[in-house]
Amino acid sequence: ANVLGGFGLGLPLADVGLMAVLDTIYLLLGVISGAHVPPVLTVILVQTTIPLTACFTQCVHPDGRCSGRQGDTSDNEESSPGGNSSPAGMASSHSNVHIISDMQSVNDAVSFPEISSIPNLPSAPNPPPVKGWGGLSRYHIIGTGLMFLAILLGLTPAVLSLRDIVITKSDAMPERTAYNTIVFCLAAIPAAMSQLYKEHTLTRLRRPIDRNTLNLVLSVFQLLFAIVVSPLAYGLQGMGDGSGWTSLYPSKRIGENFSHGLACFAGTLDEETMLNGYPEMANCDWALALVLLHVISIIMVGVAIDKLAAATKVMYRGVSMGIVFAVVLMFVYQIRDKWCEYGPLVSFFHLTATAVLIIGAEIYHRVSLADASFETVYPEIGDLYDEEE
């Protein structure tokens, strides 16, 4: 069937499949390259999805900078943010797609407004969108610019290290770290595309979707796609480690690696394999505990978003404080870990990027993006009295 009716979704199979493919590409590139990215930079660069989404919006929004239809919103009147209210007898649904900027969960939670136990905080009216900027207000534009600047500052040491420009040998990142840092940042491109495609699909089909069911279906599809491409992804683990990096992790060893991974997870992998079985030493300490902590964190983030749905300012203040807290912890971890010990110039770039990122995120989230609203379209019901006549 072309529609996933059996899962309780009214989405075409092709749309769900494309969402899952984009999310899986983001997941694989992020996880594989993230193992060699300086810890502080993982916190900074994982936020790339937000400004990229705002940038890509300019190409798909009727009033975007490069859409070619600036000022002409008549074609999208029903589905544009802040559109007219629904006429009598029509149910109006609102979809609000949230990106959880975290590598552990690439499933974007598609949520619908619910009555929250936390009351709305009193606030001034949101400023109107700036004409010709894809529905973004001036706060979103300024915040996006600052976040892009923060990401550029974070990437600068990696780019300069590849050619030894300005940065000295003692300060430069290893070539493998520099390449993986750039790939980690580029992984946000499919994530931003997936975010926009989800919102476009929900608005185009004009029907409410159960977010838990959608996330479950996307997770299953992601797992299946990851299994299919795992031999190719396995070879990417040597990325940036010299000219012969493609031979470090040959695809023919994917089965053996999978069994060793399960043994590592269970804590039964022998020490000889951990030390000499692969180009890099395997570390299986706390594997199970870290996975459980990872799952609990995902659940807590989802619950927090639900509870704070009405108090968006509180939620985004928490996001800003979370960035600060994560950078501090990752900086301590980075100091303790010898492989990512750099000179003061690189640390200056990282800390400056963090400060600019926090300011940019705070300005960007000062006002909420308008929800994508649409009038729910129900299937037509035939005349029930035709047969009697």
In nm, spacing of pseudo-spin labels at residue 275 and residue 175 (7 Å Cα→C-beta vector)
3.0 nm
Going by average Cβ neighbours within 10 Å, how do the peptides 325-336, 151-162, 288-299 rank, with the highest at the top?
151-162, 325-336, 288-299
Go through 188-194, 269-275, 347-353 and give me the packing order, highest mean Cβ count within 10 Å leading.
188-194, 347-353, 269-275
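Taking 0.36 nm per residue of separation and subtracting the Cα-Cα distance, what length does fully extending residue 307 through residue 351 add? Before the final figure, lay out each step's value.
Numbers: separation 44, 0.36 × 44 = 15.84 nm, distance 3.19 nm.
In short, 12.6 nm is gained.
With a Förster radius of 22 Å, plug the Cβ-Cβ distance of residue 142 and residue 317 into 1/(1 + (r/R0)^6) and report the FRET value to the nearest 0.05.
Between residue 142 and residue 317 the formula returns 0.75.
Roughly to the nearest percent, how much of the accessible area of the stretch 157-274 is carbon and sulfur, given a 1.4 Å probe?
Ligands and nucleic acids excluded, carbon and sulfur give 64 percent.
The values are calculated or read from the model by the stated rules, or taken from the named source; none is laboratory data. All values derive from a computational prediction rather than experimental measurement. Methodologically, a virtual Cβ is constructed for each residue, glycine included, from the backbone with ideal geometry; neighbour enumeration extends over all protein chains shown. Calculation scope for accessible area: heavy atoms of the full protein, side chains included, ligands and nucleic acids excluded. Shrake-Rupley method; radii C 1.70, N 1.55, O 1.52, S 1.80 Å.
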